[in-house]
Structure formats: C-alpha cells, structure tokens
1. Which of the residues belonging to segment 289-305 are within 19 Å of residue 107 (Cβ to Cβ) and touching a residue at least 60 places away in the same chain (Cβ under 8 Å)?
2. Please indicate, with yes or no, whether at least one residue in segment 84-93 is within 24 Å of residue 405 (Cβ to Cβ) and surrounded by fewer than 21 Cβ atoms within 10 Å (Cβ to Cβ).
3. Got a number for residues in segment 1-37 being surrounded by fewer than 24 Cβ atoms within 10 Å (Cβ to Cβ) and part of a helix (DSSP H, G or I)?
4. With the requirement that a residue be part of a strand (DSSP E or B) and within 26 Å of residue 388 (Cα to Cα), what does segment 147-184 give you?
5. Tally the residues that are at pLDDT 95 or above and under 26 Å from the mean Cα position of the chain (by Cα), restricting the search to segment 116-144.
6. Would you kindly identify the strands (runs of 3 or more DSSP E) lying entirely within segment 389-481 that contain at least 3 residues that are buried (at least 24 other Cβ atoms within 10 Å of the Cβ)?
7. Can you pull out every residue in segment 58-76 that is buried (at least 19 other Cβ atoms within 10 Å of the Cβ) and out of contact with any helix residue (DSSP H, G or I) (no Cβ under 7 Å at 6 or more places or on another chain)?
C-alpha cells in the first residue's frame, strides 16, 4: 500500500473542491485533489448543470476566481469555435441562449476551463489531481484527522495520505462519517431551529431533497431517433406523487412558490419560470445553433434537469451500498423513461404526439449514452458547525424592509439565491421563497469539535432549509475557495480554525487574505439590492 503526505487533502473535485484547490495551491501549499469521475467540476461539468446565478453576476457578487472561470468560458468559445461576428463580438455572450443564467454553456467547456485554471493555480505550489479516486477509510485521534485512505477505482491501488488539513468537498459529505465528524442529515425540527418552514415534531433524517440524473438532449425536428423502451418505463409513466396534479410525465406540474398546478409546455417563448409561461426546452438550453458560423451545431441542445426527472423516492444518505446503487439506477431509468415519453407520447405544441427528433448528446456529457457522468445532488450531510445558518437569517419575509440579509462580523463570502427546496423524500412538495442577498459566516465552515477538517460545498453549517439557497454554483465556489484559503491561512500562522474564529484580530487578518484573493465578503454598500 502506497503512502504519501501533503499539506491539504481535498476529497471531492466538484465546484467547491476545485475552488479550494486553486487558492490553496496558489498560496504555495502541497495539495492533493481527488475526484470520483474523470472530470473535475461537479455540478458545472460532470453533473451537467448550467450555472444558476443571481442577477448582478456580471458586475459583482462573486469571487475573482469565479469571474475568471466565467471569462475563460467565453474565451474558449471564441478561441475554439467558429462563431458568427455578432456572437464573437458580444462581451456578454451566453453561448446556449438559455435563461436559467447569463452563461449557459456546455459542460465539457466548463471542464476545459477548470483544467486551465487549476493548472495555472498550481504553478506556485504543488497540485496533484487524482481522478477516479475516492476515500474509503480515515483515522482520527485527538479531534484531528490523521490519515485518509484513497482508492483508485480503475487500478484498485490504495494510498494512505497523511495530511495536515482535510477538506471535504464530496457531493454527499463522505468524509464526515469516515472521520467521526458530527453531522446532520435531513430536516431539523422547528422546535430546534425556530425556522418558519421547518418540520413540526421530531427531526426527519430521511427528509432530503431529490436528486436528478441530468441529460443533454438535442432536437432534430422531422427525424426519428427514438431510443429503446427503458426497462422501467411503465413504472415511471404511471407514477403520480400524492402532491402532483396529474401523471408525473406531463406538462402540468406545480408552481414551486404557490404549490398550485401550472402548465409547463415543451416549447414556448416567454421567460418567466414562476408564472410558468415559458418553454422547458429553452430554460437550460446550452447550444444555440445561431451563434456558429460554420453550421457545426445544427440542432439546439438543452439540459434536462426538469421537475419530471427529479428522483425523490428514497434518500441515499447513510444507506447500505446496495440500496444506494438501486436508487441511482432508478434515477437513471427515470430520466431515460422521460426521454422516451417525450419522444413517443408527449403532447406536442402543434397538436401532434411525441417529439421523435429528440436525441441524446453523449459527446456533450462525455459519457456513452448522453446522461451526465454523475447525478446532480442537491443535499448532503452537513457538519454540526459553530454557526448554523437558519431560514430567518436569510429570508426576505423575516427581515422586512431590508435589501440584504444581516451581516456577519466574520463573513468570508457572499451569495444570493432563492430558498429553493425541490420535492423531498418524505413526500413533501416544493418549498420556494424569496431571500435577501446573504453572507457566509466563518463559523459555518468550522466543525464543533474537529480541528483540521473543513467543508467546501453544501456540507457547511446550514439546515435542510438554508441548504436550499447555499447550494448553487457561485456560492459553492465561494464556500470552497474560502475553505481552501482558511486551511492555507492556518498553516501559515500555525493556528487552527477555531482559534481564527475566536480571535477578532485573526479573523480580520484572514479576511484581509480573502480581500487580497479577490473574495468579496460583503455586498457593495452603495448598491440597492432589492
């Protein structure tokens, strides 16, 4: 069994893990970054989810490195694709034309951009990226992680790593149980958190937001590209949750804000998600044929991360491996069944039946069949943190008259997104409500006991409720970047995270480092945000 040491071990190469690796290696530390798939980037790439971003993203409200990521995406399109003059000259190019954000791009372009940024960041330090690698064991003592055993999924090679700091950037918070770190899963009780939308009665550990196995889908109108009938098609075509207004496969679903039925057509022209008068196809469209001068992309492509392929039958947290495997296979079958239904039975916008010209784009997702490399995970294990962010800290209706959420003395970043909970595994429908632009407190990154482990994504100190607004792309990036900077800061000062949090002087010094790294820790004071 091989052995190696490092300053910072980052387990999980998703959005937050990449951001943590960039800053830590740029500050001169030896970093090992692992990733279960063969693409770093998580929801930006291997999960194939276009960025969900707030309305000010082009001007402010993200870290400098996240802005470099966005700039690199646009540069890659200009440098590697034959674009029309109008597209090439558009400083704010939205390559796909989708309107979930101002930068709907292909996941492999995101993967290329992240690799460029990671290679550049490692120039001053030593960054070792281990793909197809997971953590399988850990040893902890004296409230510190001593070793983590990694497994290469292709070769079977096991490596014992002795790190000074460990950052958990996995999609499910995998290191927390392995290291004995205290954590929470599911929904907290209202009696515990006093959150307006928390559950009544005892906590519900199995109340977890659904996951989605996303796929890239093109439309070649007039062609016939129908896939083989999926094995579970009958199951999913006939599926109707108790809170759904009709069959799950249909263009009538539930408005997330009002929980009333609404019509979601396949094709449409308006752009208002909450009124429901838009087209599903255009929402997360990532390929707009009109921007390519050479006709290399003749058909539009969208990412299918829709209500109809949310899998919320069972939670996969703290379940036996066989159950997890079964649930993930069911989620894949749900997505394939949705595609088959769209091709063969869906009511068309022109009065016909089925869109047989819909087809998968495996070249875009980097897989054999066109589904994403990994499922899109919305909710994970969460550390029991020194500071837990609650609904009342960020909700618009609990802070009347404010244009931003209350500020934290120890803020280490910012974010903005609605409190958006998809249907959960306890059979509850959407919870979706307005928030104020918020901050990320340092205390939410610090476990109550462990001294050298930090979270780098949606496993920070949030609740089931506030996970719904802290889980999105630029926010996860900020969480990861601040965690990586905190580990580097502690190593440089020979202190531990809780000591930084306990000291006004050290907190201010760490915030100075974040400022040097172009991490915004407060929303601009001179901007009216709401």
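1. Initial filter on segment 289-305 (within 19 Å of residue 107 (Cβ to Cβ)): 289, 291-292, 296-297, 299-305.
Answer for segment 289-305, where residues must be within 19 Å of residue 107 (Cβ to Cβ) and touching a residue at least 60 places away in the same chain (Cβ under 8 Å): 291, 292, 296, 299, 300, 301, 302, 303, 304, 305.
2. Within segment 84-93 (the criterion being within 24 Å of residue 405 (Cβ to Cβ) and surrounded by fewer than 21 Cβ atoms within 10 Å (Cβ to Cβ)), the answer is no, since none of the residues qualifies.
3. Count: 1.
4. Within segment 147-184, 164, 165, 166, 167, 168, 183, 184 meet the criteria.
5. Of the residues in segment 116-144, 15 are at pLDDT 95 or above and under 26 Å from the mean Cα position of the chain (by Cα).
6. Ranges flagged: 411-415, 438-441, 453-455.
7. Residues satisfying the conditions are 61, 70, 74.
The values are calculated or read from the model by the stated rules, or taken from the named source; none is laboratory data. Keep in mind that what you see is a predicted model, and the values were worked out from it rather than measured. Positions of Cβ are backbone-derived with ideal geometry, glycine not excepted, and every protein chain shown enters the neighbour counts.
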